[in-house]
Amino acid sequence: MKKISVQISRTIIVLFLAGFILLLAVVDNLLRTNLQAELIGELQVECRLIDEILPEHHDAIEKLLPRLSALTSARITVIDTSGRVLSDFDGRQFTRTLDNHLDRPEIQAARQSKQGFGSAIRHSTTVDDDLIYTAFQSPKQRFIRLAHHQSMIDAIIIKVRFLFFGAAFITVLLIILITTRISRHITRPLTEIIDAASEIKSGNYSKEITVDEENEIGRLAKILNEMSAKLKADILQLNKLQEIRKDFVANASHELRTPVTSIRGYVESLLDGAMSDPEVSRRFLERTLSNVERLEIIIRDMLDLSQLEKRDKGLSLRYFDLRPVLENVMADFEKTARRKGLYLKLASGHPDAVKILADAYQLEKALMNLIDNAIKYTEQGGVTVSTRVDEKHFVITVSDTGAGIKPDDLSRIFERFYRVDKGRSRDMGGSGLGLAIVKHIMEMHQGEVCVESEPGKGSRFILSFPR
């Protein structure tokens, strides 16, 4: 409890102090800027009034400067148009030896201003202090310049800072008191949650947390109760996934070993003398090439499936008309279907073109796998691809008139390397990964794939995309 209280207090105090420092910096800057602007405005008025009061004769000017300096609390300098200092009184004494002031920033600004005023804030080497200078270009062919120390502005800012720090100190004390009480109220139900979590850790999944809080802690207790109830199922699922992984490694090794063994056998036969017989060597090379192509298919499908599972590529979603895509995919299989004496047709379930949101490349890959399988396992009749649209889904169906799938196999056909007829599937050159790839593509689209089949009556693979 004490630890949580300290952590909460520390976090809030750090956030508060960070905000306080930022606010203080902003207020300090704004206050300094506004005070400087206000002082410059006052100095401009005083410059004009002093210009009206001061005569042009040098002796008369020096008689009035001490009194005017006392009234304005400013250093007063009178400069001619060439930059020569006619008189300068800093509030205590006259300064007799001064450089030419024509290049001073405030004088240059006054010369360029339409109103005749110029200001600058800089360090004065004469009095060794930061001063605010304001100059006025008089119609009397001279400059009246007033300089005021920034000490008054600095004093005001220091007072404001003192008030801020006092308020911050009081606020920090209040934060510590309030967070201590709040943390105690929070940690009481948390103690029960910790005890229940310890029971779950030790394997007691029947422990139920009873927290009546209608807030995040109550939700946490509810989630932990649900977690406890589902943890056993998750462990079983994890064991199942581990078994699937082991099966995948074993199946992949077996699938790769078979063509590699065949290739090695044919190559050894050729090296042992079969190359001398052109007919035999050609037949062996053709079989070797067939096994190499099978290896390429298996490796390609394994890489595709791995990328889909890791979501390395992601999806490139866009709206497009599905019919041209279907026509292009089916055109790739026309010769294959015609060679087997099968029909291959497209049937649309809606009269108007409807845009589908999908990754065209991944969708083509899924359709090619389904149509390829349908043609491979169909001996008579053919394959039909149809589409339909309802309120929530865009549905594509690939139907065939093949041998169908047994009910025992329907629940497993989307597993990697699962084959209904293993020997026949390998002879046809399949990798055993096509339907697993289709499943992952649909999951990436947040859609579904399902199959309906009956032995002897063909199969229907249904892709459902959310609209």
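Please compute P(r) over all alpha-carbon pairs of the range 314-466, binned at 10 Å starting from zero, and give each bin as a whole-number percent.
Taking every Cα pair in the range 314-466, the percentages come to 11, 42, 36, 10, 0.
Only Cα pairs under 8 Å and at least 6 apart count here; give the relative contact order of the chain as a rounded whole percent.
Here the relative contact order equals 9 percent.
If one takes the longest principal axis of the Cα atoms in the chain, at what angle in degrees, from 0 to 90 and to the nearest 10, does the Cα axis of helix 278-310 lie?
That works out to roughly 40 degrees.
In units of 2.2 N^0.38 Å, what is the alpha-carbon radius of gyration of the chain?
Compared with the compact-globule rule of thumb, the chain sits at 1.97.
Using only alpha carbon pairs under 8 Å that are at least six residues apart, calculate the relative contact order of the range 314-466 and give it in whole percent.
Across the range 314-466, relative contact order equals 23 percent.
Would you please give the residues with an amide H less than 5 Å from that of G382, counting only those at least 5 places away or on a separate chain, with H modeled from the backbone geometry?
The list, which skips near neighbours in sequence, is Y343, T401.
Using the eigenvalues of the Cα gyration tensor, what equivalent ellipsoid semi-axes result for the range 52-143 when each is taken as the square root of five times the eigenvalue, whole Å, largest first?
Equivalent-ellipsoid dimensions as semi-axes: 18, 17, 12 Å.
Which cross-chain or sequence-distant (5 or more) residues have an amide H under 5 Å from the amide H of F143, H modelled 1.01 Å from N in plane?
I79, D80, S138
In deg cm²/dmol and to the nearest 500, what is the mean residue ellipticity at 222 nm of the chain if only DSSP H runs of at least 4 residues count, each as -39500 (n - 2.57), divided by the residue total?
When only DSSP H runs of four or more count, the value is -20000 deg cm²/dmol.
If we count GluC sites (Glu not before Pro) as exposed when they sit in a DSSP loop and have at most 16 other beta carbons within 10 Å, what is the longest stretch of the chain that avoids them all?
The longest uninterrupted stretch comes out as 215-378.
By the scheme Lys and Arg +1, Asp and Glu -1, what is the net charge of all other residues having a beta-carbon under 15 Å from that of G341?
Around G341, the charge tally is +3.
Determine ³J(HN,Hα), in whole Hz, for all residues of the range 138-151 in sequence, where each value follows from phi through the Karplus function 6.51 cos²θ - 1.76 cosθ + 1.60 and θ = phi - 60°; x replaces Gly and Pro.
Computed from phi, the couplings for the range 138-151 are 7, x, 7, 6, 7, 10, 9, 10, 10, 10, 10, 5, 7, 4 Hz.
Taking the chain as the reference, fit the longest principal axis to its C-alpha atoms, fit the long axis of helix 434-444 to the helix C-alpha atoms, and give the angle between the two in degrees, 0 to 90, nearest 10.
Helix 434-444 sits at roughly 30 degrees to that axis.
Contact order normalised by length for the range 2-155, with contacts defined as Cα pairs under 8 Å and 6 or more residues apart; what percent is it?
Across the range 2-155, relative contact order equals 21 percent.
Run the dipole for the range 319-421 about the Cα centre, Lys and Arg Cβ at +1, Asp and Glu Cβ at -1, nothing else charged, and hand back the magnitude in debye, nearest 20.
Taking the Cα centre of the range 319-421 as origin, the dipole is about 260 debye.
May I ask for the angle, rounded to the nearest 10°, between helix 322-331 and the longest principal axis of the chain, with both axes built from Cα atoms and the value confined to 0 to 90°?
40 degrees
Only the coordinates and a few stated rules stand behind these numbers; no lab work does. For clarity, every value in this text was computed on a predicted model and none was experimentally measured. Cβ atoms come from the backbone with ideal geometry, glycine included; neighbour counts cover every protein chain shown.
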